[in-house]
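One structure below.
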Amino acid sequence: MIAIDGPAASGKGTIAQSVAAALGYRYLDSGALYRLVALEATRQKVATDDEPRLAALADGLDLSFGDGRIFVSGQDVTDAIRAEGVSAMASKVAILPRVRTALLTRQHAFRAPPGLVAEGRDMGTVVFPDARLKIYLTATAEARASRRYKQLIDKGNSITIQGLLRDIRERDERDSVRAAAPLRIAADAIVLDTTDMIADAAIACVLQQYQALTAAGAAGPA
């Protein structure tokens with residue numbers, strides 16, 4: 001079990017997916033679950049402060065994953081949940097305790113042989129506190145805004161880097177002060193600053209930490 005946490009655009013998705021592929025493990029993008037709730041709330045016109053209805057949406061999602069795609073009620077929503085508006089709403093939905101409780105069981109269900117790499121904001125502190133390896137990714141807000149800007153521009157979105165930087169700082173604030181599972185560095189997590197690090201180097205660092213733990217476990221106590 002490998003838990004990878006960190007703020008928005010710190011590289012969690014890219015790194016976690018690559019590590020999972022290298023190890024032949026399953027992969028969980030916990031943020032996708034909150035984006036799915038946000039997308040359905042948008043479609044059904046549920047307000048972001050209507051906690052009971054949002055929790056019911058989370059509990060009743062007919063979702064499935066396959067071939068790198070995400071489906072709700074059989075509809076491919078992989079790209080729809082990545083829209084900036086949905087991501088921003090997901091950050092607001094994620095502060096609600098009843099929504100988080102509704103999604104907790106779904107997240108636990110991903111843990112199965114041969115192993116799991118889970119990424120999000122509370123994987124190592126709340127969802128999988130017993131994870132063998134915990135990684136906390138970080139980077140400056142400016143570096144993260146630049147990455148997100150390039151991703152969105154490549155997809156044809158019209159957005160300014162100043163607006164993205166503002167959104168990222170607002171999300172950081174919401175994530176760190178929320179009452180339910182705030183963004184924290186687990187006491188036993190390895191902190192990896194990716195500000196000046198390319199993705200391949202960060203992936204290599206995580207795999208090295210995994211290999212070191214595996215070798216130590218195989219050696220047993222001295």
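Restricting ALA58, ALA118, ALA90 to those that are more than 14 Å from ALA41 (Cα to Cα), buried (at least 19 other Cβ atoms within 10 Å of the Cβ) and within 17 Å of the chain's Cα centre (by Cα) reduces the list to ALA118. For region 92-107, give me each residue that is closer than 13 Å to LEU33 by Cβ and either outside any loop (DSSP other than H, G, I, E, B) or not hydrophobic (A, V, I, L, M, F, W, C) (or both). Residues satisfying the conditions are VAL93, VAL99, ARG100, THR101, ALA102, LEU103, LEU104, THR105, ARG106, GLN107.
If the condition is being closer than 23 Å to LEU207 by Cβ, of a type outside the set (Gly, Ala, Ser) and surrounded by fewer than 22 Cβ atoms within 10 Å (Cβ to Cβ), then region 126-147 contributes PRO129, ASP130, ARG132, LEU133, THR138, ARG147. Among the residues of this structure, THR14 counts as one that is within 26 Å of CYS205 (Cβ to Cβ), surrounded by fewer than 22 Cβ atoms within 10 Å (Cβ to Cβ), under 17 Å from the mean Cα position of the chain (by Cα) and touching a residue at least 40 places away in the same chain (Cβ under 8 Å).
If a residue has to be among the hydroxyl-bearing types (Ser, Thr, Tyr), without any contact (Cβ under 8 Å) to a residue 60 or more places away in the chain and either at positive phi or crowded, with 24+ Cβ neighbours inside 10 Å (or both) to count, how many in region 17-48 make the cut? Outline the logic, then answer.
Narrowing region 17-48 to residues among the hydroxyl-bearing types (Ser, Thr, Tyr): 18, 25, 27, 30, 34, 42, 48.
Narrowing further to those that are without any contact (Cβ under 8 Å) to a residue 60 or more places away in the chain: 42, 48.
Adding the requirement that they be either at positive phi or crowded, with 24+ Cβ neighbours inside 10 Å (or both) leaves none.
Matching residues across region 17-48 total 0.
Values in this text are rule-based calculations from the coordinates and carry no lab data. Nothing here was measured: the structure is a model prediction, and the numbers come from that model. Using ideal geometry, Cβ is built from the backbone for each residue, glycine included, and neighbour counts are taken over all protein chains shown.
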